[in-house]
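The values are calculated or read from the model by the stated rules, or taken from the named source; none is laboratory data. The structure displayed is predicted, hence computed values, not measured ones. Positions of Cβ are generated from backbone atoms using ideal geometry, with glycine treated the same way; all protein chains shown enter the neighbour counts. Ligands, DNA and RNA are stripped out before the accessible areas are found, and what is left, the full protein with its side chains, is counted by its heavy atoms. Shrake-Rupley method; radii C 1.70, N 1.55, O 1.52, S 1.80 Å.
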Amino acid sequence: MNEIFPPVAINTEAPLAPAHPDGARGPLGPASWYARPAARHWTAPTAPPAPTAAYAFHVALPDYAPTRLVELPSLAAELGVGRVFVKDESSRLGLPAFKALGASWALHRVLAERGGATAGATGAAEPVDAEAGVAAGPAGAGYGPIGAAAGPAGTGAVAGAAEPVTFVTATDGNHGRAVARIARLLGQRAHVFVSRGVHPEAVAAIEGEGARVTRVAGPYDLAVREAARAVEDAGDGPGAGSGSGREASPTVLVQDSGRPGYERIPGWIVEGYATLFAEIDAQLAAAGAGAPDLVAIPVGVGSLAQAAVTHYRAPAPDTGAGAGPGPALLAVEPEAAACVLESLRRGERVSVATGDTAMAGLNCGTPSSLAWPALRAGLDAAVAVSEARAARAVRDLAALGVPSGPCGAASLAGVRAALTGDGAADRRAALGLGPTATLVLLSTEGPAANPHGQDPSAHGESAEPHGQSAEPHGSDANAYSQTPDPYEPDTRHHEPDSHPYGPGSTPHGPATHPEA
């Protein structure tokens, strides 16, 4: 059975944020910062076993290896803290971003439910872990191991497998490529709706995975709506599709953004992201660092941040009670798309108008409904960063041996915004950070994932976006306006852009620049 957005009750329950009267803001004005120190004392209701099952699944994959956790003493000195580590996701399961963790686990779960079993690292059909909540069916319905060749892209399932599935998704970059790659390796199909502003090289990479790509002349939320509509139009069962002949198969929406009525598959994606935090725990222990005092997380719809909250706010395994104050969790968004920050400020999930940003993978206008309760309760702070801050962070990380794209470097930009400049003492106090604090910054993508900003002159831009300096600055680019519900029909006219937007396992391993 397809899991798609239902045709009824499609209100996301995310009201529209009214226009802000703020106008031009200072370097880190009230519209760019939110803090709730009580969040680190909150304990999640339960600690589900599924993330453990996802970790075991990932470890068994042929191409699995923990990504680097790199210590950068110069950043610790700059920020006035004890230690700073960067989790380098520039090479994850053969792709230049962390998204393969969620996509691989979600597709594994979908195919397991459809066929009763899935292929393990050896290629033999194995029952799904009962703790994962999927009943194991008869053996022999496997789908070929991830990491093994499954034949030419688009040729369908491997010999003996069930009818191939078309996985449909919307993306502003990395998630779509991850879904396309995993689908190809499993002998399945992918149809990816790409939002406006995704760099042409990123789109070409998705097509290179054998996926059918539909470009959407609008923002990410519109691409989400179009992907959902495509699945609804395809119907249910073999032979249903859009008439193109390429979707004549069962279709399943695999979106990392949840909404009421569609939260199970996004939940599996979040479970897959838990592997990243399990790796951090082990790597910090190996470095003698203990638990972090702050974790900075780039945020789009909030699924990775949900995984962070779930991990660091989990109850103690022995008592089920709170394990004591955890690390401060800092969400970082572009000024052009700060939907989580605005939702936290208003105390309810809202949609915002999105603008142009080189942080294309974070250019999302509506928080995931599945993530929102965890974000509201478990995030200590949120900050919106400018294009100039992100561009500077990309350059500085590269100079320190960490290859990062604009989305990945947003975590450094956000920490700098929070811990330096006017009002920094108050923000440090809100985050509970002293001079010996340990910080972990999630660099969620490498340069190959999102080429924005790598060669500004190619787009007729200066090295700094729109002629801005690399110093912090105010911006009213993210004016919150009457934004349509991303799942409601949109009758506005969208003009397409004429050009793209704007310009392993060791904690102290050598600096490398792995590319997919």
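Things to note:
- The stretch between Glu78 and Arg36 holds 12.6 nm of extra length on full extension. This uses 0.36 nm per residue minus the Cα-Cα distance.
- Extension gain from Glu201 to Ala286, taking 0.36 nm per residue of separation minus the Cα-Cα distance: 26.9 nm
- Percent accessible area from carbon and sulfur atoms, the stretch 291-419, protein chains only, probe 1.4 Å: 51 percent
- Loop GluC sites (Glu not before Pro), the stretch 40-95 (other Cβ atoms within 10 Å of the site Cβ: 10 or fewer; DSSP): none
- In nm, spacing of pseudo-spin labels at Arg346 and Ala217 (7 Å Cα→C-beta vector): 2.9 nm
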